[in-house]
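Just below is one structure, and these are the notes that go with it.
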Amino acid sequence: MQTSNEKPRLVAVVLAGGAGMRVGGQLPKQFQRLGGRTMLSYSLQLFAQQPEVEAIAIVAPEPFVPALSQEYLGRKTDSDPLGKVAHIIPGGSTRHLSCLNALRALGEYSHNDRVLFHDADRPFLPKPVLQRLVDAVQTADAATLVMPVADSIVAVNSSPASLQYLDRGQLRRVQTPQAFRFGVLRAALKAHEADPDAGEFTDTVSFALQHTPGLRIALVEGDEANFKITTPFDMVVAEAYASLHYPNLD
């Protein structure tokens, strides 16, 4: 049990549970090679180097859990030199279900401890951006990275005549990581499980807001480097970015 004088602990959850096949290749994208190392390893190395992160959890497709457990649990590796990886959690069929699996598996943390969720297919999260998020969640219920929208945005309905252009000045793109007090997500999980009509959510902040309105949410400036790899074109861009900004570990 955590006392009032103890500093909240922080665990980083790396979501690597998706099939990730739109990018092509024989393996899910998070396990493919990028700049001479796995895509997953970039996030692991960043969180391993972040002083506030006490432990790392990897959420992965169930067939990959034994190999990842053997590779990381109780071991120090190039991407996790301090041996912070403490949990390998089977993922769900969607990102939303993978988040819930992780939340249920991390019962050892107190309600006042912090947890952040990051998508493994955003491998180039800059260190200063992560620090801003970690700092922000210390005084908020939740914190998320956001970015301005540069393109015009239109809401498409059944009829072309009903197109609605949205004010991009009022819009933001959401990035991960997203960070929370554990108690916030546990309250949201309890409400979600009690609602037979509860749907799924594409990000964790929207899940928390749906079930626990009135949260104090800090909006933290993200970075263009923290882009999501989804398509083969994204993979080409990522290879070029990795060659310029990250060392090849091979």
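Taken together, the values in this text are just the output of simple stated rules run on the coordinates, not laboratory data. Note that this is a predicted model, so its numbers are computed, not measured. Cβ placement follows ideal geometry from the backbone for every residue including glycine, while neighbour counts extend to all protein chains displayed.
Against the condition β-branched (Val, Ile, Thr), assigned to a helix (DSSP H, G or I) and either touching a residue at least 40 places away in the same chain (Cβ under 8 Å) or under 23 Å from Phe31 (Cα atoms) (or both), how does Val184 come out, does it pass? Answer is yes for this residue.
Each residue in region 76-121 was checked for being aliphatic (A, V, I, L, M), farther than 25 Å from Ala136 by Cα and surrounded by 20 or more Cβ atoms within 10 Å (Cβ to Cβ), and 2 of them qualify. Just a yes or no: is a residue in region 154-172 outside any loop (DSSP other than H, G, I, E, B), closer than 30 Å to Asp113 by Cα and not hydroxyl-bearing (Ser, Thr, Tyr)? There is at least one residue in region 154-172 that is outside any loop (DSSP other than H, G, I, E, B), closer than 30 Å to Asp113 by Cα and not hydroxyl-bearing (Ser, Thr, Tyr). Just one residue in the set Arg75, Arg95 is basic (Lys, Arg) and in contact with a Leu (Cβ under 7 Å, 6 or more places away or on another chain); that residue is Arg95. For region 37-76, a residue qualifies if it is touching a strand residue (DSSP E or B) at 6+ places or on another chain (Cβ under 6 Å) and in a loop (DSSP other than H, G, I, E, B), and exactly one does: Glu52. Return the residue satisfying two criteria in turn: it lies in region 133-166 and is more than 15 Å from the chain's Cα centre (by Cα) and in contact (Cβ under 8 Å) with a residue 60 or more places away in the chain, and of such residues it is nearest to Glu239 (Cα to Cα). The selected residue is Met147. Please verify whether Ala225 is among the hydrophobic types (A, V, I, L, M, F, W, C), within 30 Å of Leu34 (Cα to Cα), assigned to a loop (DSSP other than H, G, I, E, B) and free of Cβ contacts under 8 Å to residues at least 40 places away in the same chain, treating the condition exactly as stated. Answer is no for this residue. Checking Thr176, Thr202, Thr231 one by one, the residue that is within 30 Å of Gln26 (Cβ to Cβ) and either of a type in the set (Gly, Ala, Ser) or buried (at least 16 other Cβ atoms within 10 Å of the Cβ) (or both) is Thr176 and no other.
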